[in-house]
Every structure is written in structure tokens, then in C-alpha cells.
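Enquirer: Sharing a structure, written as C-alpha cells. Questions coming.
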Amino acid sequence: MSTGESSFYDEHGNYVVYDEHEKVSLAREQEIRELSERVRACLTAAGLSATIRRDYGSIIGADITMEFDVDRPRDFFGGVFASWHASDEVSLVAAYAVGEGRPEDPMVTHNGAIAQAMCDAMIAIMASAGFTVKEAEGEYLPMAVAVLSGPQTS
């Protein structure tokens, strides 16, 4: 295998080599961008602060991220995710506590409770508006919403 290639055995036992830096097609990228804007509009209409992340700056409220990577072993071809960020007053104190080895700090628990409650709320709001959503899976997306598709437009 060359640099940037990985491999796995698929569900049929076939050995598959793929480019681990593969990106979605331009058409799929456009779908993801349009879906992220529809998510932002939905959450904003519900009265929530919602921002489509374009950098690594601080965001308070719904943080909508777009993924353009392809992960063939997981059958993942990009997508839209929404997570909740409490105010810096809560989230930074919680982050510092974790960084200092104090995961049992009450602010860490409080920050997690806020994130989970808002994840549940965003799922309910978007499902009610016709989106297909579920709680995201994986350690890199705790308490996040995976937006699988948007409501049908006419």
C-alpha cells in the first residue's frame, strides 16, 4: 500500500484498500452544505442560537459542523452534526477541571447534563420539523446529533 492508503475486510470477507484521505464528491459536499443551512434555520426558528462552524473559534449554542471525509470501513460519506456548547462560564471551567485531572468536578457533570439535555431537545425539534436525526455515535461526537436528511422540500 502507498502512503495514505488503508485497508479492511468488508462484511463479505473481501480485502478492501482505500484512500484514507478521500473526500466526498462535489455533489455530496453541496448536499452537506445545504443540509447544514437547513439545520441552522430550523434551530434558529425554534429560538436557539445556531452557528455553522467555519473555524475553531468559541461558539455558544448549537454548533453545526460539516464533515467531508469518507470513512469506507464505517460506510461514512460525510455529514452534518449538531452539538450544544454552554457558555464559557460553564464550558471553560469544566474543560479546565478535566485538564487538571478532576473529572468528578460538579461543573463537569453540569456541563455534560446541559449538553445531553440540549442534544435531546435538538433531536426533538429537528424530528418535529421533518429531519431524520439520531444521537451521533463514536467517541469524537459525544452528545451530538447526526442529521441524516432534511425534510422534503416542495
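Enquirer: Quick one: in the stretch 100-126, of everything that is exposed (fewer than 14 other Cβ atoms within 10 Å of the Cβ) and more than 16 Å from SER83 (Cα to Cα), which residue is nearest to the chain's Cα centre (by Cα)?
Expert: Ranking the candidates gives THR109 first.
Enquirer: Return the residues of the stretch 88-126 that are part of a helix (DSSP H, G or I), modelled with pLDDT of 95 or more and among the acidic types (Asp, Glu); say none if nothing qualifies.
Expert: ASP120
Enquirer: Right, something else. If you go through the stretch 11-27 one residue at a time, do you hit one that is outside any helix (DSSP H, G or I), acidic (Asp, Glu) and modelled with pLDDT of 95 or more?
Expert: Scanning the stretch 11-27, I find no residue that is outside any helix (DSSP H, G or I), acidic (Asp, Glu) and modelled with pLDDT of 95 or more, so the answer is no.
Enquirer: Can you tell me how many residues within the stretch 127-154 are surrounded by fewer than 18 Cβ atoms within 10 Å (Cβ to Cβ), among the β-branched types (Val, Ile, Thr) and assigned to a strand (DSSP E or B)?
Expert: 1
The values are calculated or read from the model by the stated rules, or taken from the named source; none is laboratory data. The shown structure was predicted, so the numbers you read here are calculated from the model rather than taken from an experiment. Every residue, glycine among them, receives a Cβ derived from its backbone with ideal geometry; neighbour counts consider all protein chains shown.
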